[in-house]
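Let me begin by presenting the structure, written as structure tokens, before commenting on it.
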Amino acid sequence: MAVSLGMRISGLLVVGAVAVAAAAFTSDGGRTADGRGGGDTVVTAGPSAGLRKVPNGPPGGATAPPRQSPDGHVGRPAVTNPPPTPPPSPSRGEVEKKMASPSPSPSMSQKLLEAPGWLPPGPDSPDTDGTADPASVYDLLRDPTECRAALNVIPRTTADAEWTLMRGLASACLAVQGEGGSWKQAVQDHAALADGAGSCKGRAAYAVLGVLLDFHRRHPEATVRLRPSPSGTPAACGYRISGVDTGGDGEAKPGEVIGIELADAYFDPAELLRGAVVSVGGQHVAAVPVLTSVAAGRLVLSVVVPALEPGPADVTVQHAGIETRMPTAFTVTAPGTVPEPSTGATPIAPFAFTDGPTPP
């Protein structure tokens, strides 16, 4: 009995030792041999490099139990910061409508004001006498930065229409650029020339002054920087011989006086008499030409027809290196020539009597 009891105890000890050894070799330290999770960590009795890390995942590859969302449903974990929902894509009709609608144009306050146009070329006056005159002041005003210098040489008080016009233009030139000047003076001078100006430069200046005054009426507080006219701008003056006056018949004899009309002179008329050279029929006229008329931008020079052979004659006027010519301006006739009668007509004696017998 005692032997059997002792053998049974020994057998149980052996079975317990075998069970301990089997658990040490088959367990990963956190599971039992049947794969179920254990409650305590198992440490082997043999040598070890250190304590093994306790795994955090579910044992034996088992699926983690589903978590319950805050709203009570079982499923995927709730997302605390979901990404923003993209806006819906526009339909094709909306895209076409957007492309067809024009972009809004900037308001007037966002636009830069365009400066008014400025004076066209004259051409420049030769100014042979070196004295300021309306034609040479026009040339100075063609550079908008010289408006102050031009105003300083213009008479303060004048009854001359051309000087009045240049004074008003210089005043407006300074005012529109914010450099002084006087809009009041510009308005008065423009109004004083109700009939416009006579010379070609005067007409151009009158037109530009009107544009400046209109700009000021539309933009009373605005200032702009004026710019000279671009190259290639047509000249204000088309200087030329516009006609030759021979008394109405287009003929003149040597020694007779003819009038040469010049249009759109771009210089002071007084300069013409000091430097003009006139030729008729290719022959120089020795006598100094006489300026007989200055009206509406037209000058008339009176000259004597030199001794020429009968026939057509050209007329040429040269001044300050500029030549203007009119071909076949008139016909030169021989002195004392009696016009021939027409075919079939009966000649009439110069001194025929009609009320008595014919003298022998």
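When GLY248, GLY275 are screened for being among the small types (Gly, Ala, Ser) and without any contact (Cβ under 8 Å) to a residue 12 or more places away in the chain, only GLY248 passes.
Look through segment 165-183, keep the residues that are without any contact (Cβ under 8 Å) to a residue 40 or more places away in the chain and touching a Ser or Thr at 6+ places or on another chain (Cβ under 6 Å), and return whichever of them is farthest from GLU221 (Cα to Cα).
If we filter segment 165-183 for residues that are without any contact (Cβ under 8 Å) to a residue 40 or more places away in the chain, which is where we start, we get 166-167, 170-171, 174, 179-183.
In the following step, the residues that additionally are touching a Ser or Thr at 6+ places or on another chain (Cβ under 6 Å) were identified as 171, 181-182.
Details: SER171: 16, GLY181: 14, SER182: 13 Å.
Only one residue tops the list, namely SER171.
Could you look through segment 273-318, keep only residues that are of a type outside the set (A, V, I, L, M) and in a loop (DSSP other than H, G, I, E, B), and pick out the one that is modelled with the lowest pLDDT? Taking the candidates together, the pick is GLY297.
Among (1) over 30 Å from ASP214 (Cα atoms); (2) in a loop (DSSP other than H, G, I, E, B); (3) at pLDDT 95 or above, which single condition is LEU226 missing? Here LEU226 meets the rest and fails (1). Once segment 216-232 is narrowed to residues that are within 21 Å of TYR138 (Cα to Cα) and touching a residue at least 40 places away in the same chain (Cβ under 8 Å), the residue that is surrounded by the most Cβ atoms within 10 Å (Cβ to Cβ) is LEU226. Filtering segment 176-200 to residues that are under 26 Å from the mean Cα position of the chain (by Cα) and either at pLDDT below 95 or surrounded by fewer than 24 Cβ atoms within 10 Å (Cβ to Cβ) (or both) leaves GLN177, GLY178, GLU179, GLY180, GLY181, TRP183.
Here's the yes/no breakdown for (1) assigned to a helix (DSSP H, G or I); (2) farther than 30 Å from GLN318 by Cβ:
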site	(1), (2)
PRO126	no, no
VAL137	yes, no
ALA150	yes, no
ARG156	no, yes
THR164	yes, yes
ARG167	yes, yes
ARG217	yes, yes
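Note on segment 278-313: among residues that are open to solvent by less than 60 Å² (accessible area, probe 1.4 Å) and hydroxyl-bearing (Ser, Thr, Tyr), the one that is nearest to ILE260 (Cα to Cα) is SER302. Against the conditions (1) within 25 Å of LEU113 (Cβ to Cβ); (2) open to solvent by less than 10 Å² (accessible area, probe 1.4 Å); (3) at pLDDT below 95, CYS173 satisfies every one except (3). Residues that are more than 43 Å from the chain's Cα centre (by Cα) and at pLDDT 95 or above within segment 319-341 comprise THR328, ALA329, PHE330, THR331, VAL332, THR333, listed in sequence order.
Quickly run through segment 233-272 and pick out the residues that are within 17 Å of SER136 (Cα to Cα) and either open to solvent by 50 Å² or more (accessible area, probe 1.4 Å) or assigned to a loop (DSSP other than H, G, I, E, B) (or both).
Listed by number, the residues that qualify are ALA235, ALA236, CYS237, GLY238, TYR239, ASP264, ALA265, TYR266, PHE267, ASP268.
Counting only residues that are within 28 Å of the chain's Cα centre (by Cα) and open to solvent by 70 Å² or more (accessible area, probe 1.4 Å), segment 146-168 holds 1 of them. Selection over segment 124-138 of residues that are farther than 14 Å from CYS237 by Cβ and aliphatic (A, V, I, L, M) gives a count of 2. Return the residues of segment 201-215 that are under 22 Å from ASP133 (Cβ atoms), open to solvent by less than 20 Å² (accessible area, probe 1.4 Å) and not β-branched (Val, Ile, Thr); say none if nothing qualifies. The answer is LYS201, GLY202, ALA204, ALA205, LEU209.
The values are calculated or read from the model by the stated rules, or taken from the named source; none is laboratory data. This one's a predicted model, so the numbers in the text were calculated from it and none came from an experiment. Glycine also receives a Cβ, built like all others from the backbone with ideal geometry; neighbour counts cover every protein chain displayed. Remember, those area values only see protein heavy atoms, side chains included, never the ligands or the DNA or RNA. Shrake-Rupley method; radii C 1.70, N 1.55, O 1.52, S 1.80 Å.
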